[in-house]
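Engineer: This structure is in structure tokens; I'll ask about it shortly.
No value in this document is a laboratory result; all are computed from the given coordinates. Remember, predicted model here, so these are calculated numbers, not experimental data. A quick note on method: Cβ atoms are made from the backbone with ideal geometry, for glycine too, and the neighbour counts reach across all protein chains shown.
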Amino acid sequence: MIALMDCNNFFVSCELTLKPELRGKPVVVCGPNGGCAVAMSNEAKAIGITRGVPMFKVRYLVERYGVVMLPATHGLYSEISAKIMHIAGSIVDDIEVYSIDEAFLHIPFTGNEAVDFCKYVRQELLERTGIPVSIGVSKTKTLAKIAARFAKKHKGYEGVCLMDTPEKIRRGLELTDVKDVWGLGRRLNRRIRAAGIVTAANFADVPEDYIARDFSTSVVRTHRELHGVECFDRESHKSVHHTVSHTRTFARDVYDFGDLSARVAEYAASVASHLRRYNRLALSIEVFITTNPYHEQQPQYTGMYTVTLHEPTNDTMEIAMVSAEALAKAWKPGYGYKRAGVTAVKTVSENQRQLSLFTDRDKEEKRSRLMHTIDKLNKSGAKVKLASMQRHPETDEQKRRDDTEWK
């Protein structure tokens, strides 16, 4: 069986390990500038605060209910995540980390034994880290994700939901909105709803040949998984779904192309560093820039451009050059940009790299040693940057948190 372990309100739960006096109160972890809600406690959700909402729009709720707003502490979250995955890995032989707060557990139990085992894992994590988790168990990853949602939403499951029989699976699909099915994003969701499909059960009932005709192979796999056929194995999951992004919201709108270029170059360097840390290579790089949507009187624009790399890489200079190329394509003058980001859209393991006949192997080796040296120095606290990537200076008041994340 496959179990999906999902940490409850992860960022807030991490903060509560340091601030236990806030338990039972509405708590919101906010993004840069205290702008949007990133994570909410159950109490904050109960009064109507949702993820992504600008906090100024719910200021009346903050004042009425005494909502505690906390800045994100990404170092803390990474540290606790590593501890959770280490503990889970010491209990379960086969664990597949999916994100900072989720992991798939491949467990050798079925039925009630699977439920009892997952409850044991859940209790161990709670006692040793203070972080509550919900676990969904089923035949495929997609079904396990659905089961985990029920485990999180309904107290009667006591944190573990098992969907193993046709009857349980069917009932779970009937109660799941199609937008909540793993792998069906917002863009696909609009197309699916336009066809009259509302629930996961509706989607599963569509004949597979219709799905194959109108959608991609990954959507066909999702459709099969809803029928209990495992399609997302470990390697395909890793090679297709892992991305790494570095995005930032600016203290002030940026109008100057040179200033924005320097910022994007730094974000590219951060993406490259994270790729090397996890032994992965980028296949394509995407850069986006966007104006401030809350300045409604000003002209609005979102630019995005993706460049496919000739060879997969995690070299800072190569990723920075490609990001500069993408930025030049996305850029339009005359706009004040509020946010920008660089994403390695598709990545593969370094073990999957295949050099072409035209690759200069000596140059590759020298660049690899240079990147290793830079990473080593940065880890020691030296904070080395290449000369072409020096940032436009900011005052302390202008500095804001960076968001770098795996998906």
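Engineer: What FRET efficiency would be calculated for the residue pair LYS155, VAL345, taking the C-beta separation as r and a Förster radius of 25 Å, to the nearest 0.05? Display every interim value, and only then the final one.
Structural biologist: On the way: r = 39 Å, r/R0 = 1.55.
Computed FRET efficiency for LYS155 and VAL345: 0.05.
Engineer: Pulled fully out, how much extra length does the chain show between TYR255 and LYS57, if you take 0.36 nm times their separation in residues and subtract their Cα-Cα distance? Don't jump to the answer; show the numbers that get you there.
Structural biologist: Numbers: separation 198, 0.36 × 198 = 71.28 nm, distance 2.64 nm.
Between TYR255 and LYS57, full extension yields an extra 68.6 nm.
Engineer: Using alpha carbon centroids, what distance separates the stretch 249-314 and the stretch 160-206, in Å?
Structural biologist: 33
Engineer: Okay, moving on. Sort 107-114, 340-347 for me by packing, meaning the mean count of neighbouring Cβ atoms within 10 Å per residue, highest on top. Each step should come with its number before you reach the end.
Structural biologist: Numbers: 107-114: 14.1, 340-347: 23.5.
Per-residue mean Cβ counts within 10 Å order the peptides as 340-347, 107-114.
Engineer: Full-extension gain between TYR278 and ALA194, please, as 0.36 nm times their residue separation minus the C-alpha to C-alpha distance.
Structural biologist: Numbers: separation 84, 0.36 × 84 = 30.24 nm, distance 3.96 nm.
The span from TYR278 to ALA194 would gain 26.3 nm if fully extended.
Engineer: Arrange the peptides 249-255, 284-290 so that the one whose residues have, on average, the most other Cβ atoms within 10 Å appears first.
Structural biologist: Details: 249-255: 15.7, 284-290: 22.0.
Result, highest mean Cβ count within 10 Å first: 284-290, 249-255.
Engineer: Report the label-to-label distance for THR217 and TYR120 in nanometres (one decimal), using points 7 Å from each Cα along the Cα→Cβ vector.
Structural biologist: Roughly 3.9 nm, to one decimal.
Engineer: Could you pull out which residues in the stretch 272-306 have an amide N less than 17 Å from a spot 7 Å beyond the Cα of LYS332, following the Cα-Cβ vector?
Structural biologist: Hits in the stretch 272-306 for LYS332 at 17 Å: 287-306.
Engineer: May I pose another question? For labels at ALA262 and HIS227 in the simple 7 Å Cα→Cβ model, what's the distance in nm?
Structural biologist: If labels sit at ALA262 and HIS227, their model points lie 5.7 nm apart.
Engineer: Subtract the Cα-Cα distance of ASN112 and GLU174 from 0.36 nm times their separation in residues, and report this length gain in nm to one decimal. Present the calculation step by step, with values, prior to reporting the outcome.
Structural biologist: Values: separation 62, 0.36 × 62 = 22.32 nm, distance 2.32 nm.
Contour length minus the Cα-Cα distance gives 20.0 nm.
Engineer: Obtain the nm distance between the two label points defined at TYR294 and ALA324 by a simple spin-label model: each point lies 7 Å from its Cα along the Cα-to-C-beta direction.
Structural biologist: The modelled label-to-label distance comes out at 3.4 nm.
Engineer: Still on this structure: Among 58-66, 127-135, how do they line up by average Cβ neighbours within 10 Å per residue, starting with the highest?
Structural biologist: On the way: 58-66: 13.3, 127-135: 19.2.
Order by mean packing, descending: 127-135, 58-66.
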